[in-house]
């Protein structure tokens, strides 16, 4: 017993030293949420844990969220770069471009980016050729499918309003896709750019019974949340880009799961923290894309969900 | 033919007299009766619940009352004593002093009064009952606002399971509500693969927990859950320190959420988890940091503001919100039923699926709440930080709880 104690006591300083030898990695996080618990961040943490990187012990997070204010993003990105984090983990184009502008040295791993090449984030998906790599949510490409889902649920649908922040480049790209797809689906897509919250209230007055809403994938100025509110209060069907919105009352969504993108990105983050260069890691397409339908909201809106949708949907909220 | 006409004439006469009666009633206020502890051990939460009732009645009157009548609240003091409460409700109902009732505070009182409401077929929304056994005795007229005790500690078990903890000990006051809570928690723990290493019940008004806590220390569980009211929650926390018992997570149920819990224990309250039915700040939360929850608490922001204005300096707790919400449900049901008829109001309550300032409301056929959701908080630097449901909570649990020697 005494011997054992002596041995343990002798080992203690070494154990402490070994722990000190590698300080926890510091991951900076940048997104547009209103709190630290954006699902991509939760996914990242869970993914890293599975890869053996425990929060606190092996990795710490410096989370900056900008509450839907794009103008706050550049400042937050610069702060993270100055703080000397080991890696910056971003969600959406605005945050990723801000991180790219803030540093050419610190690796950046992005999520929720619809088209990383078109938005100038990377030169090529296979070889990013800079300090950035990440997950492409494919959200821009999926816009026609989103409209199709809406039309399948409501065959009589004619007009879809799309409100988006005028300065969001990817939202503009999404609108182009929506306008291209509209005639084929027998729909009229009405794009409306918003530059200030008061403007959104004004524009919402243009909605008429029978119209529907296409929500943007970027939460600038809280536009998707406002659209969700209006959808439920005025019984206007709305389609969203991800399941999170459907689990909180949105009628339907088609797109990459936010949390799953975080989990997927964790593999890239872990590799980079352990020494791989970001430019050697190809950008990955999101591997979990779901069709989600909220049946309770369908009932509220008087939408009869066709059997083929019930069979096809990955997630049904009752 | 002549007979038929007589019936019609009779019918016309009856409906005329009913409408005359209704007109007569329209001038008199609609009275809602309740008893709540305004003195005695549970006066704190009881008063909060009463303030909720008062504010709800005031707001409803500002919107024109119900059935065209002003609402009047008659509230008496039962000192949390069941016989007193029974006598109050019985008198209010039989002497025709009230047209409807709202529930009292404290589970045993709710159960005793439930028999009165049952006897008179007068629906009772009970904003303070969380005991399912009350609803499992064939009663048809009592309705729960709270999440039932069985799920109070769902968050604790979920957080523990997610963090790979393996063992749970459960101690609880040996009365109705904590018993249901204990049974439910055991079930939740088993479902999540945690093994229960100790269950101990203690009589009400216990002040010395050293024997029980020594057993807990021997069992050395990862998680300690205590089914408490206020005084026991304080005493147990204090004696855990004295006896140097160090679970990785420790939670209390009722009592841990009162500001007095921290005022009395100071730093000793740090790291303690508690269950809450409702917190004012929930309204400001966003799911996934993105989707505002305000819609699930319609009017809650305004409720908090007008409560502080109406009762300056008074405590605001989930009892206040549940009181307000319970009164909203009753008035809403009377409005839907278009009548004060007990059966009709009951049917209206059973079909309700809505949000009040207190959150979701929907009951099953037995009147047990099935829609409302609990939250868990942890005392961190003197603040109650909501840490569960993790999807909604911006705060993170400080885990594991360090041993007393390192706090």
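The values are calculated or read from the model by the stated rules, or taken from the named source; none is laboratory data. Quick caveat: nothing in here was measured; it's all calculated off a predicted structure. Note that each Cβ is placed from the backbone with ideal geometry, even for glycine, and that neighbours are counted across all protein chains shown.
For the stretch A:124-161, a residue qualifies if it is under 19 Å from the mean Cα position of the chain (by Cα) and not in a helix (DSSP H, G or I), and the qualifying residues are A:125, A:132, A:133, A:134, A:135, A:136, A:137, A:138, A:139, A:140, A:141, A:142. The residues in the stretch B:290-314 that are surrounded by 21 or more Cβ atoms within 10 Å (Cβ to Cβ), within 14 Å of another protein chain (Cβ to nearest Cβ) and more than 19 Å from residue B:155 (Cβ to Cβ) can be counted, and the count is 2.
Against the numbered list (1) under 29 Å from residue B:264 (Cβ atoms); (2) within 14 Å of another protein chain (Cβ to nearest Cβ), residue B:376 comes up short only at (2). Does residue B:272 fit the bill of being more than 14 Å from chain A (Cβ to nearest Cβ), touching a strand residue (DSSP E or B) at 6+ places or on another chain (Cβ under 6 Å), crowded, with 22+ Cβ neighbours inside 10 Å and farther than 16 Å from residue B:385 by Cβ? No, not satisfied.
Being in a loop (DSSP other than H, G, I, E, B) and either buried (at least 24 other Cβ atoms within 10 Å of the Cβ) or on the phi > 0 side of the Ramachandran plot (or both): is that true of residue A:275 here? Quick ask: steps written out before the conclusion?
Details: in a loop (DSSP other than H, G, I, E, B): yes; either buried (at least 24 other Cβ atoms within 10 Å of the Cβ) or on the phi > 0 side of the Ramachandran plot (or both): yes.
It is true that residue A:275 is in a loop (DSSP other than H, G, I, E, B) and either buried (at least 24 other Cβ atoms within 10 Å of the Cβ) or on the phi > 0 side of the Ramachandran plot (or both).
Can you confirm whether the stretch B:276-286 contains a residue that is part of a helix (DSSP H, G or I), surrounded by fewer than 21 Cβ atoms within 10 Å (Cβ to Cβ) and within 14 Å of chain A (Cβ to nearest Cβ)? Taking every residue of the stretch B:276-286 in turn, at least one turns out to be part of a helix (DSSP H, G or I), surrounded by fewer than 21 Cβ atoms within 10 Å (Cβ to Cβ) and within 14 Å of chain A (Cβ to nearest Cβ).
Out of B:254, B:223, I need the residue that is more than 20 Å from residue B:319 (Cα to Cα) and crowded, with 24+ Cβ neighbours inside 10 Å. Which one?
Working: B:254 fails: more than 20 Å from residue B:319 (Cα to Cα).
Answer to the check: B:223.
The sole residue among B:354, B:350, B:340, B:316 that is touching a residue at least 12 places away in the same chain (Cβ under 8 Å) and more than 20 Å from the chain's Cα centre (by Cα) is B:340. Of the set (1) in contact (Cβ under 8 Å) with a residue 40 or more places away in the chain; (2) in the same structural domain as residue A:105 (by TED's automatic domain parsing), all apply to residue A:305 but (2).
For the stretch A:186-230, the set of residues classified as without any contact (Cβ under 8 Å) to a residue 24 or more places away in the chain and at positive phi is empty. Of all residues in the stretch A:178-195, those that are surrounded by 17 or more Cβ atoms within 10 Å (Cβ to Cβ) and at pLDDT below 95 total 1.
Based on what the data block shows, is residue B:46 assigned to a loop (DSSP other than H, G, I, E, B), modelled with pLDDT under 95 and under 14 Å from residue B:76 (Cα atoms)?
no
Among the conditions (1) assigned to a helix (DSSP H, G or I); (2) within 11 Å of another protein chain (Cβ to nearest Cβ), the only one that residue A:249 does not satisfy is (1).
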